[in-house]
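Enquirer: There's a structure below that I have some questions on.
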Amino acid sequence: MHLIYDILTLIQQVIPLHAPEMRVSSRYPLPMEQMGQNHGIVVYSTKLPDSIGLPAQLDIQLYGDRVYVFTATGDTPVQISSRNRPYTGFTVDEREVFILVEDNGHSNTGHVRYSYQYYQKGIIGNVTANGQVLEDWDAFLVSELLPKQPYGENFNFTRLWAMLSVPPSTENRYSAAGKYIPTFYWGDVSGLEGDSFVEMSGWGKGILTVLGDQFYNLGRYWPLAGPQHRLFCPSEWCSGPKRGLITTFLVLELEQAPSNLTISVKDTPLVDGPYDESQT
């Protein structure tokens, strides 16, 4: 796999140039649904006013479902929290703050004790720093670059190629332990003719997509927690007349990438892999 760019390069350079409509500005952070995105990933950003001293305690009132808090320089360790294990008191020591929010799906079980607000995704409510409500937010609809459904016939390829046309980075600026921020990688594999299973052991948590004749979302992987280690890729998706026997995999890794940036393709599934609940 080859590193394309980290998420900050995406929202600071690629989106403004190739897809400015993927940026939504508002006084307060908006849930995904109010921005026309029902699921996926959104990156929120704001700047702390000078009246707030540093370091500051950042509190997110409510979110759905998993957040990654980081800063522009990468000097502040990335802080992660999930809705099922929430905590407040993120500490930031820079004025420009970024919050990536990933949704983990919707429930249809109808828990009456939960309001509709609970089922919304993204940041829901205010974000404060040292008790002061933060205003003037930008949100970047990162998932608009990826196919929303497994079948990609209607996917906007212009955005994909614009994304891949960015000169690849030679190294990850944020690869130090505890300071990794979400990053895109891609790589080509040749000769995949039958059904395949993509092994993601060694990676952290993220989304795997494949480009054959169309662009397909293979799903999420999470070897750190399990049991999703190996993703199925049907032969019809691997290649085709337009691309011969070349298959391109695109990875959005959220938490940690292996030093060798390698994925492997197997011909057998891995069902019910190891599971570590402490990582969720």
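Enquirer: What Rg and what Dmax come out for the stretch 16-96 when only alpha-carbon atoms are used, in angstroms?
Expert: 13.8, 37
Enquirer: Taking the mean number of other Cβ atoms within 10 Å as a proxy for protection, how do you rank 247-254, 54-61 from highest to lowest?
Expert: In descending order of packing, they fall as 247-254, 54-61.
Enquirer: How much length would be gained if the chain were fully extended between residue 23 and residue 130, taking 0.36 nm per residue of separation minus their Cα-Cα distance, in nm to one decimal?
Expert: Details: separation 107, 0.36 × 107 = 38.52 nm, distance 2.69 nm.
So the chain would gain 35.8 nm between residue 23 and residue 130.
Enquirer: I would also like to ask the following. Can you tell me the order of 259-270, 64-75 when each peptide is scored by its average per-residue count of other Cβ atoms within 10 angstrom, highest first?
Expert: For the peptides 259-270, 64-75, the packing ranking is 64-75, 259-270.
Every number here is computed from the coordinates shown, using simple stated rules; none is lab data. None of these values were measured; they are calculated from a predicted model. Ideal geometry is used to build each Cβ from the backbone, glycine not excepted, and the neighbour counts take in all protein chains shown.
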